[in-house]
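See below for the structure under consideration.
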C-alpha cells in the first residue's frame, strides 16, 4: 500500500445518533421541554444564592403572606407589626405615623423608658434603623423614627414565615438530584444485571431473572419502612431505596433487548470472526442497547421524583429544614383552603418538570426508534 | 377499446426526510384495463411500490402524493379516507410480499376472511362463512372447512399467501395489486402461486397489477410490462414485445440479469480443505423439568461435505432443509456430531478459544445485508473488526490502509468507509460484508444466501465479484442458496438437501440437467420453467 492511499480522505458518515439528534431537534415539544428543564435545573442550582432570603430564615411577622410582586409590608401589616413590637417592649403605643417612608412611633410607659427599646422595634421584620428622635423630660414618653424594611415575597411565605421562592428552589435541588442520581443508580444496576442475564442466557439468565421476580414481590413501602427502621432517616437512604426498586424494570427491559440483539446476524458475524464474548458485549450489544436505555431513563427520572414525593408525603423522606417538592406539597395540602399558594407553587414546579421530562422521553423514543411510529 | 378501469396520470410521490424532499415517483402515467395483467418491474428504490401505495392511500406519514389516479372516473388521490374505504379492500385490493406478517396471528383464517366480506357486502355471518369457504376452495387450499378455524401460524408460507389472495378476491375486485407476492417464498411454491394467480385472473377477469423486481417472473403471466427506474417509466409495452425486443438499455440489462457462465471444476488432485463426515445436528424443542421430554428435531441428518481448495460447493434446498445449519456446524458455530477437519486438523472438539486463531481462515458472509452489519459502527470499523481479533498488534493507521485495500478490492469507494450501514444500498452492504470476510485472507468462505435479498442486476454484480475474489485468492466457497440460477453459475459441485438429508449431489450439469430424484426434478422444473 502506498502512502497516497493512506491519506485518502474519507467522507464523513452520519451515524444513527446524528440522525436521532436531528429528529429530536425537529420535535418542538421535546426541544422546548429540554430548554425548560435546563432553565429549571439552572434556577434550582444558582437561584437560592440570588433570592433575597435564606431558605431557613423565619420571618415571624410574615406568616403565610400570599404571593405578591409588590414589596411587603402592606399597610395593615405595618400597623400590626408596630403594635406587636411595642407590645413586646412592654410599652404603650401613643400613636404612629408614616412620613417620608419613615415610621414615627410615639410610646409611653409608667416607668422611665430605656433608650435601648429601639432594639425591640429593630427586631421586628418590618422596621430597621430605629433611632430615638425625641424623649420627654421625665423619660416616660419617647418618639422613635425607623426605616421600613422592604421585603419581597414573590411566591409568599409558608406557615412559619419562610420564603416559598427560595424553598421551592432548594426543594427542586433535592427532587432533581434524587431523580437524577437514583435514576442513574437504577440504570447502572439494571443495565449491568440485565445485559449479563440476557447475554449469558440459559441457566444463569433463569436464576438471575427469578431473583428479580422475588424482589418484585416485596411491597415497596414495607421495604422502605424496614430500611428507615434499621438505618434511621437519611438522605442517602432515599437513593438506595428508590434505586433498589427501580432497577428491576430496567433489568427486564435490558435483558429482553440483549436477548434479541444476541440473535442478530451481526452478532453471529462477529462470532464467526472470532470476536471474544467481551468484545461482542462492548462493541455490538451495549451500543445497540443504549437507545432503549436512554429512553427508559428519561421516563424513569419522573417516576423516581414521584416516588420521592410519595415517600416524603408519608414522612419517610427528607427532613426539615431541607425540603423537596413532595414535602412542600404535603405541607401545602394541610393549609389547603386558606393558603392555596403553598400547594399550588410546588405542585406547579413538580408537574411542569415531570411534563417536560415525559415530553423529552417521548421525543427521544421517536428519535431513536422512528419505526415505532 | 374499452376505457381503462384505472388510469394514472402524472402521479408524483414525495417524501419529506431529514435530507429534504425526496421524489420517489416522478410523474407516472399508466392505464390498467379490465382482464389485463400489468407487470411493474424495477429494482428496489425505483418507486414501483410507492406508486401503488399512493393509489391505495397507504403512503407513510411523511409521504405526499399528487396527480390523478382515476378509478372509473373518480380520482383516488386526495380522496377522504371514508370514501376511499368504500373502494379499497373491495374494488381495488392488494396483497403484500410478506405472508408471515400480513395476517393477524390472533385471529383465525375464517375470521380474517369474513371480516372484509361482512364489511363491504353487508352479509350476515353464515352467508359470509359460505363465501369464505368458496374463496378458500377457489385458491385451492386443502381441507378448507378445517382451515377456516386455523390460525395463521398453522399454515405454511405458500398457504398463507393463498389465504391473502382469497381475502383480496373475496369482494370480486376490479383490480388486484400484488406487491412482490412470491419473493418471500421458495421456488417451487413461487411457481404454484404464480400459476394460481394467472388462472384466477383468467377466470375472474379482473385487472392484475403485478409489482416485482424480477422481470423473468412475469414472463409467464404479464400482458403488458412497465419498466420503472428512479421513479420514472423507462419503457412500457406488450410483454411479448418487451421480452423479444427490449428498447431501453436498462430493460436489456434487466433481462440479461441472470448470472451467466459456469465454473470450471477444480483439478482432481486439489487438497481437501474442509471435510465434514456424517454431520448431525439436533435441536431439542421444549422439554424441561415439568414439560416432559423435549421434541428432538434433526436439522441435519448425516450429511458429508468434502470441500477442495478452489472449489465451490453449492448447497440448495427449500427453507428449513437444513442447509444453513449444516454450514454453521461446519464453521463450529453450532454443536454437532461427526468429525470436521479443516486443513488436516480435527476441529470438531475444539473449544471456542482454540477455534479463535482458525476463524480468520474460515469466514462467513450472511444472507441479510441489513441485519448482518451492526448499525452503530462505521463501514470501516465493521470491515476491520476481524483485524482487532486476529492481528491486534497493527496500528490504527495500518488498519485504515487495510480497510482501504479491502474496499477497493470489493469495488467500493474507500472514501465511504466512515459512513454507517444505513447509508448504503443492499448491494453495497453485501460488498461490505464480503470485505469483512476477505480482509482476513481466509481459505474457506461460507456464503449463506449472499444474493437472495438483492435485486437481479445487483446479484449478478455480486456473483462476478465473488468469482473474481475466488480466482485471485484461490478461495474455497460453500455456497448456500435457494436460487438455482445463481448456484448453477457459481458452483462446480452441487448438493441438494431436503429435511436435513442429502438428496442428490454431483456436478451442476448432472444435477440440473439430468436430475435423478423426484424432489430435484420438482425444484428444477419450478426454477427453470420459463
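The values are calculated or read from the model by the stated rules, or taken from the named source; none is laboratory data. In this text, all values refer to a predicted model and were calculated from it rather than measured experimentally. Neighbour counts run over all protein chains shown; Cβ positions are idealised from the backbone, glycine included.
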(request) Could you check the stretch B:473-526 for strands (runs of 3 or more DSSP E) lying wholly inside it with 2 or more residues that are crowded, with 22+ Cβ neighbours inside 10 Å? (result) B:476-481, B:493-498
(message) Quick check on this structure: which one of B:387, B:373 is at pLDDT 85 or above, in a loop (DSSP other than H, G, I, E, B) and facing another protein chain (nearest Cβ under 10 Å)?
(response) B:373
(request) Identify all residues within the stretch A:254-264 that are surrounded by fewer than 20 Cβ atoms within 10 Å (Cβ to Cβ) and more than 7 Å from chain B (Cβ to nearest Cβ); write none if there are none. (result) A:256, A:259, A:260, A:262, A:263
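Kindly indicate which of B:211, B:217, B:221, B:177 is at pLDDT below 80 and in contact with a strand residue (DSSP E or B) (Cβ under 9 Å, 6 or more places away or on another chain).
After applying the criteria, what remains is B:217.
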(request) Kindly state which strands (runs of 3 or more DSSP E) lie completely within the stretch A:61-168 and contain at least 3 residues that are free of Cβ contacts under 8 Å to residues at least 24 places away in the same chain and touching a strand residue (DSSP E or B) at 6+ places or on another chain (Cβ under 7 Å). (result) A:92-99, A:127-135
(message) Anything in the stretch B:147-169 that is touching a residue at least 60 places away in the same chain (Cβ under 8 Å) and over 19 Å from the mean Cα position of the chain (by Cα)? List them, or say none.
(response) B:163, B:165, B:167, B:168, B:169
(message) Exactly one condition in (1) crowded, with 24+ Cβ neighbours inside 10 Å; (2) more than 7 Å from chain A (Cβ to nearest Cβ); (3) in a loop (DSSP other than H, G, I, E, B) is false for residue B:406; which is it?
(response) (3)
(request) Report yes if some residue within the stretch A:363-371 is touching a helix residue (DSSP H, G or I) at 6+ places or on another chain (Cβ under 7 Å), in a loop (DSSP other than H, G, I, E, B) and under 30 Å from residue B:60 (Cα atoms); otherwise report no. (result) yes
(request) Could you list, in sequence order, all residues of the stretch B:219-245 that are in contact with a helix residue (DSSP H, G or I) (Cβ under 7 Å, 6 or more places away or on another chain), closer than 9 Å to residue B:38 by Cα and surrounded by 20 or more Cβ atoms within 10 Å (Cβ to Cβ)? (result) B:222, B:224, B:225
(message) Looking at (1) more than 7 Å from every other protein chain (Cβ to nearest Cβ); (2) in contact with a strand residue (DSSP E or B) (Cβ under 8 Å, 6 or more places away or on another chain); (3) surrounded by 21 or more Cβ atoms within 10 Å (Cβ to Cβ), which one does residue B:382 not meet, given that it meets all the others?
(response) (2)
(request) Might you let me know whether the stretch A:265-286 holds any residue that is at pLDDT 85 or above, away from every other protein chain (no Cβ under 14 Å) and closer than 30 Å to residue B:357 by Cβ? (result) no
